[in-house]
Amino acid sequence: MNKIRDIVTALLLVPLCAGASEEGIDDRTGLPRWDAAGDDVRVRLVQRLPDQTRAFFIGRGFNAAQVDRIAGHCVLQTIIYNDGGTPIVLDIANWSARVDDRPGDATVQPRLMSDWQQEWTEAGVGNGPRIAFRWALFPNQQEFAPGDWNMGMTTWPVPPGSELDVHIRWVADGKPHELVVDNVRCAQAAANSVPNQ
Amino acid sequence: MKSLFRVALLTCLFTLTSAYAQEELEPALTPVAGLPPAAAFELKDLEGDVHVLADYRGRVVVLNFWATWCPPCRREMPSMQRAYEELRDHGVEMLAVDVGEDEETVFQFTADYPVEFPLLFDMDSKVVQSYPVKGLPTTYIIDKQGRIAFQAIGGRDWDDAALLEEIIRLQKAP
């Protein structure tokens, strides 16, 4: 009986490991990064410092208050690879994250490009900064053919310093898939605001 | 039983390490169904010369959309230059359209990433929006009839032999 239990446990181990996430240091930025892979998709989330985000957007024409709004979110550099032989369809409106291991429904969704652009319109942000913002964020909807990949920032409406279990979802061959990147730590805030949504 | 666990654990470790060790970019180009016409444009380069896409009819064009702040765009630039050195001898043109930045920014960039192919400016982002680009970099291979034959989303190693061969084959096609 024990042998059967051990065999079943061993067989379960491989698929479980294939979906596990791994923490390391991003060799380009020296910041923490988290990797996960499964169902022919690889995901890498890289921590971004609030000041790093401020500097990036100040350099592209946003003012101090506006960059504080962005940097008040948990900003993650998000990289996704389609390693399989089937196109995948991503819509980040379907992604979510559990925050600080809170039970139940304590999940958040990444802030969408349309919400940001509405805010920038109301704030009178110029065309140049808005173009830079549009291309710096991870595309909200995209289809990746085999071999395609992309990177961009995702912005999560949680305070800096939060810990997230990020659920990345996509569709391949008409079927939904999900990969969970565990224990992703948002950078601590040096100062400044917390997003109000 | 111990050996079974060992195999499972080794497989698990291999799965994780092989997935993340894969830093080489795939040379894949994706054929574009229906060969849609490439949107027309006229854009200036760093020297102020105007490039009209229609003027390249009869030659394959590698049309790349990029920005200086985009890490995969920077990463693929040197391989694009190497590919250009090979492709221009076959009559293929390469155009890299910077999205939303000015001449000074791109000029500074070329000090670190010198390239010989034209760098064009789409400062108001109108041209990139006339293509189905969702993220940077995105590259289209336009055939001699001005149609989009292939696309590549994300960076590529453009001097990969198989990839070059695909583009040269398109140039040689009637």
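List of remarks:
- Matching residues, segment A:118-167, being without any contact (Cβ under 8 Å) to a residue 60 or more places away in the chain and either aromatic (Phe, Trp, Tyr) or away from chain B (no Cβ under 13 Å) (or both): A:Gln118, A:Glu119, A:Trp120, A:Thr121, A:Glu122, A:Ala123, A:Gly124, A:Trp135, A:Gly161
- Single condition B:Val61 does not satisfy, out of (1) under 21 Å from B:Ser130 (Cα atoms); (2) out of contact with any Asp or Glu (no Cβ under 7 Å at 6 or more places or on another chain): (2)
- Test for B:Glu76: is it out of contact with any Ser or Thr (no Cβ under 8 Å at 6 or more places or on another chain), under 25 Å from B:Thr110 (Cβ atoms) and within 14 Å of another protein chain (Cβ to nearest Cβ): yes
- Annotation note: of B:Asp122, B:Asp102, the sole residue that is surrounded by fewer than 17 Cβ atoms within 10 Å (Cβ to Cβ) and under 25 Å from A:Asn127 (Cβ atoms) is B:Asp102.
- Any chance B:Leu170 is surrounded by 17 or more Cβ atoms within 10 Å (Cβ to Cβ), in a helix (DSSP H, G or I), of a type in the set (A, V, I, L, M, F, W, C) and within 12 Å of the chain's Cα centre (by Cα): no
- Extreme residue, nearest to B:Ala149 (Cα to Cα), among residues of segment B:75-98 that are of a type outside the set (A, V, I, L, M) and touching a helix residue (DSSP H, G or I) at 6+ places or on another chain (Cβ under 8 Å): B:Glu93
- Failed item in (1) of a type in the set (Lys, Arg); (2) over 16 Å from the mean Cα position of the chain (by Cα); (3) over 17 Å from A:Arg134 (Cα atoms), with B:Arg88 passing the rest: (2)
- Residue selected from segment B:109-125 under the condition within 14 Å of chain A (Cβ to nearest Cβ) and at pLDDT 95 or above, by the criterion farthest from B:Ala39 (Cα to Cα): B:Phe121
- Failed item, numbered, when A:Trp116 is tested on (1) surrounded by 19 or more Cβ atoms within 10 Å (Cβ to Cβ); (2) in a strand (DSSP E or B): (2)
- Evaluation of B:Glu116 against the conditions (1) in contact with a strand residue (DSSP E or B) (Cβ under 8 Å, 6 or more places away or on another chain); (2) more than 28 Å from A:Ile58 (Cα to Cα); (3) of a type in the set (Asp, Glu) shows that the sole unmet condition is (1).
- Residues of segment A:45-76 that turn out to be part of a strand (DSSP E or B) and either out of contact with any Lys or Arg (no Cβ under 6 Å at 6 or more places or on another chain) or among the acidic types (Asp, Glu) (or both), as a count: 4
- Matching residues, segment A:144-162, being farther than 24 Å from A:Phe57 by Cα and either hydrophobic (A, V, I, L, M, F, W, C) or crowded, with 16+ Cβ neighbours inside 10 Å (or both): A:Phe144, A:Ala145, A:Gly147, A:Asp148
- Among the residues of segment A:121-143, those identified as buried (at least 18 other Cβ atoms within 10 Å of the Cβ) and within 19 Å of B:Met123 (Cα to Cα) are A:Val125, A:Pro129, A:Arg130, A:Ile131, A:Ala132, A:Phe133, A:Arg134, A:Trp135, A:Ala136, A:Leu137.
- Annotation note: of B:Ile148, B:Ile153, B:Ile142, B:Ile167, the sole residue that is modelled with pLDDT of 95 or more and facing chain A (nearest Cβ under 9 Å) is B:Ile153.
The values are calculated or read from the model by the stated rules, or taken from the named source; none is laboratory data. Predicted model, so just to flag it, every value in this text is computed and none were measured. Quick reminder, even Gly has a Cβ in these numbers, built from the backbone with ideal geometry, and neighbours come from all protein chains shown.
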